[in-house]
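See structure below.
The values are calculated or read from the model by the stated rules, or taken from the named source; none is laboratory data. This one's a predicted model, so the numbers in the text were calculated from it and none came from an experiment. Counting neighbours? That spans all protein chains shown, and the Cβs are built from the backbone with ideal geometry, glycine included.
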Amino acid sequence: MLPVVEAPLHRIDATLAIDAPLTERWLVAFLRDELIERRRITKAVLGLSGGIDSAVVAYLCARALGAENVHAIRMPYRTSSADSLGDAQRVVDALGINVETIEITDAVEGYLRAAGDPDPRRRGNVMARMRMLVLFDQSARLNALPIGTGNKTERLMGYFTWHADDTPPLNPIGDLYKTQVWALARHLGVPVQIIDKPPSADLEANQTDESDLGVTYLTADRILSQILSGYRDEQIAAAGFDLREIALVRRRVEGTHWKRHLPTTALVSGTAINEFYLRPVDY
Amino acid sequence: MSFDVALVQFKPRKGDIVANLATLRGIFAQLIAGPAVLPQLIVLPEAAMTGYFLEGGVYELSYSADDFAAKLDVEWRAAGGIAAVDIVCGFYENRNGTYHNSALYATIGGGVPRVVHVHRKMFLPTYGVFDEERFLSRGRHLGVFPTPLGAAAILICEDAWHSIMPTIAALKGARMIIIPSASPGRGLAGSGMLESVERWRETTGLMASEHGVYVLYAGLTGFEGGKGMSGSSCIVSPRGELLESLDELTVAILRASLDGAEVDLARATLPLLGDLSAVLPDLWYDEELPLPRSVANDAAGR
């Protein structure tokens with residue numbers, strides 16, 4: 001009898017492995033090109049939350065622009081975890097970047113008092129938008145470009161506040177899944193306390209991303225990468241994934257396409273902007 | 001005989017042709033100053049003087065081949081170029097109101113600039129990040145033209161991803177394939193190299209070794225709205241050996257001295273092109289091929 005070798009129906013790369021040194025080199029070049037060469041801006045400003053995404057972006061910015069040209073803003077609300085401030089400080093200490101702390105509690109509460117009794121979701125959105133208001137104002141003060149820190153997983157799952165976290169004109173990690181951000185963080189030398197702690201938007205006490213999403217990042221990323229490659233649910237399930245989790249992830253992606261676009265504008269002419277009149281962002 | 005070439009891995013400032021030509025003048029001056037011998041051919045990437053992603057801006061930044069050659073000639077002379085030199089450069093072409101993604105082979109310096117050949121990109125990628133055919137018309141002819149090394153052909157970027165293109169060029173006599181390219185880098189899972197660059201390495205190596213041709217690949221570099229052009233210019237021998245290459249992001253000049261005898265030796269060692277020439281009629285006259293019958297019949301002499 002000859003041995004029989006069966007090929008799979010399709011091959012799925014579920015590892016999402018990246019060449020971290022190559023990724024660093026590419027993203028540092030992206031920041032230098034887009035900031036210094038295209039926009040003639042030498043400084044960056046970013047919100048430093050104490051989480052892994054903004055830590056990785058701080059490391060990339062420091063390597064691209066020099067630590068002295070990176071301005072981190074910590075923007076705690078009264079319910080923010082004390083650990084978040086401490087973890088942000090670890091990044092500042094490791095890199096030697098500039099840091100300021102601007103409390104958003106008074107500004108947020110001032111609005112919330114006039115807004116009745118918003119539910120936690122509305123409160124979270126107000127905080128996220130307040131942080132972006134601060135970031136853009138500080139950008140004008142510092143003559144520094146705001147840098148975004150949203151990753152591909154949360155962008156695809158719609159797990160962000162529209163016109164808040166997604167607003168900065170540059171984002172070096174927006175095409176990296178969360179698990180790839182973890183891999184890059186390890187390569188960059190981000191403090192392990194930040195890499196190992198459960199990711200959290202820190203908008204409510206004891207909140208974690210994975211409990212909000214209903215699926216772990218590792219599973220979500222593997223399912224997302226297959227959805228984006230065009231695989232059907234039954235093909236993904238055949239690769240060993242749970243149909244309920246596949247449905248959850250697909251529902252979040254398909255329900256949030258609008259969050260990944262600019263506002264919908266009524267087209268009434270043959271010169272509608274970005275429909276007929278087409279020029280690239282760097283033209 | 002040897003043929004000295006210089007590939008320029010260029011990083012344009014988007015849409016600023018004046019600034020980009022000024023940068024090119026500096027590069028010309030460096031080549032003229034030596035100490036290396038003056039190259040006989042300078043190769044620049046696709047859309048080198050404007051950047052690649054222009055969308056509707058192509059209509060504002062396109063030129064006739066003669067006008068574009070004249071611009072290159074002005075810069076060569078301004079840099080101190082007295083002797084004639086051959087140049088390949090990608091540009092957006094306005095051909096009597098029809099717009100193409102083109103690359104010219106011209107002789108500048110010396111007398112009046114002379115356009116030897118214009119290749120108009122035939123495969124316009126219009127998928128994913130690419131949208132060329134929304135703004136441009138495709139070329140309709142793959143030509144070969146004379147150079148000091150012998151016949152050559154130009155394939156622009158995606159043209160070279162279709163293996164039939166270098167095959168036809170080689171069958172028509174090309175001994176050198178010149179590829180001006182603007183390839184957005186993607187795929188981080190490779191080992192030390194973008195996956196898209198790995199594909200280029202495989203593609204250029206295979207076309208060189210299958211047909212016994214030199215391959216000169218000149219890649220654009222720099223980021224355009226988040227899309228990083230992946231450079232990685234390289235020179236591949238007719239035996240398929242990667243003679244030298246640049247990385248993705250460096251602005252640099254890649255030089256080599258090509259030897260026409262290498263083409264003959266490679267073809268003697270691995271006579272795939274000769275074999276194909278012999279078998280081609282049997283393949284070409286196949287009525288199952290999706291060709292207009294009149295064309296197939298003409299080709300068959302029937």
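Could you grab me the full set of residues in segment B:208-221 that are crowded, with 24+ Cβ neighbours inside 10 Å and out of contact with any Cys (no Cβ under 7 Å at 6 or more places or on another chain)?
B:208, B:211, B:212, B:213, B:214, B:215, B:216, B:218, B:219, B:220, B:221
Please indicate, with yes or no, whether at least one residue in segment A:7-16 is touching a Leu at 6+ places or on another chain (Cβ under 8 Å) and either among the hydroxyl-bearing types (Ser, Thr, Tyr) or buried (at least 22 other Cβ atoms within 10 Å of the Cβ) (or both).
Step one: of segment A:7-16, the residues touching a Leu at 6+ places or on another chain (Cβ under 8 Å) are none.
There is no residue in segment A:7-16 that is touching a Leu at 6+ places or on another chain (Cβ under 8 Å) and either among the hydroxyl-bearing types (Ser, Thr, Tyr) or buried (at least 22 other Cβ atoms within 10 Å of the Cβ) (or both).
Could you tell me which residue of segment B:49-73 is nearest to the other protein chains (Cβ to nearest Cβ), considering only residues that are among the aliphatic types (A, V, I, L, M), in contact with a strand residue (DSSP E or B) (Cβ under 6 Å, 6 or more places away or on another chain) and over 17 Å from residue B:99 (Cβ atoms)?
Ranking the qualifying residues of segment B:49-73, first place goes to B:72.
Quick test for you: out of B:202, B:198, pick the one residue that is within 14 Å of chain A (Cβ to nearest Cβ), within 30 Å of residue B:271 (Cβ to Cβ) and more than 14 Å from the chain's Cα centre (by Cα).
The match here is B:198.
Could you tell me which of the residues A:116, A:110 is without any contact (Cβ under 8 Å) to a residue 24 or more places away in the chain and in a loop (DSSP other than H, G, I, E, B)?
Residue meeting the stated conditions: A:116.
For segment A:134-214, which helices (runs of 4 or more DSSP H) that fit wholly inside it have 1 or more residues that are small (Gly, Ala, Ser) and farther than 17 Å from residue A:259 by Cα?
Filter on segment A:134-214 gives A:178-188, A:209-213.
Exactly one condition in (1) on the phi > 0 side of the Ramachandran plot; (2) within 14 Å of chain A (Cβ to nearest Cβ) is false for residue B:212; which is it?
(2)
Out of all the residues in segment B:163-188, which are more than 12 Å from the chain's Cα centre (by Cα) and assigned to a strand (DSSP E or B)?
Result: B:184, single match.
What is the number of the single condition among (1) within 14 Å of another protein chain (Cβ to nearest Cβ); (2) under 16 Å from the mean Cα position of the chain (by Cα) that residue B:234 does not meet?
(1)
Taking residue A:172 as the residue in question, decide whether it is crowded, with 19+ Cβ neighbours inside 10 Å and either away from chain B (no Cβ under 14 Å) or at negative phi (or both). Before the answer, list the steps.
Values: crowded, with 19+ Cβ neighbours inside 10 Å: yes; either away from chain B (no Cβ under 14 Å) or at negative phi (or both): yes.
When the stated conditions are applied, residue A:172 passes them.
Can you tell me which residue within segment A:30-55, out of those that are part of a helix (DSSP H, G or I) and free of Cβ contacts under 8 Å to residues at least 24 places away in the same chain, is nearest to the chain's Cα centre (by Cα)? Even if it seems obvious, please write down each step before you answer.
Here is the first cut: in segment A:30-55, the ones part of a helix (DSSP H, G or I) are A:30-38, A:52-55.
Still in the list and also free of Cβ contacts under 8 Å to residues at least 24 places away in the same chain: A:33, A:37.
On the way: A:33: 21, A:37: 24 Å.
Looking at the filtered set, the residue picked out is A:33.
Mind checking whether some residue in segment B:62-72 is without any contact (Cβ under 8 Å) to a residue 24 or more places away in the chain and either over 25 Å from residue B:140 (Cβ atoms) or not assigned by TED's automatic domain parsing to the domain that holds residue B:181 (or both)?
There is no residue in segment B:62-72 that is without any contact (Cβ under 8 Å) to a residue 24 or more places away in the chain and either over 25 Å from residue B:140 (Cβ atoms) or not assigned by TED's automatic domain parsing to the domain that holds residue B:181 (or both).
Specify which of the listed residues (B:256, B:278, B:266) is in contact with a Gly (Cβ under 6 Å, 6 or more places away or on another chain), of a type in the set (Gly, Ala, Ser) and modelled with pLDDT of 90 or more.
Being in contact with a Gly (Cβ under 6 Å, 6 or more places away or on another chain), of a type in the set (Gly, Ala, Ser) and modelled with pLDDT of 90 or more holds for just one of B:256, B:278, B:266, which is B:266.
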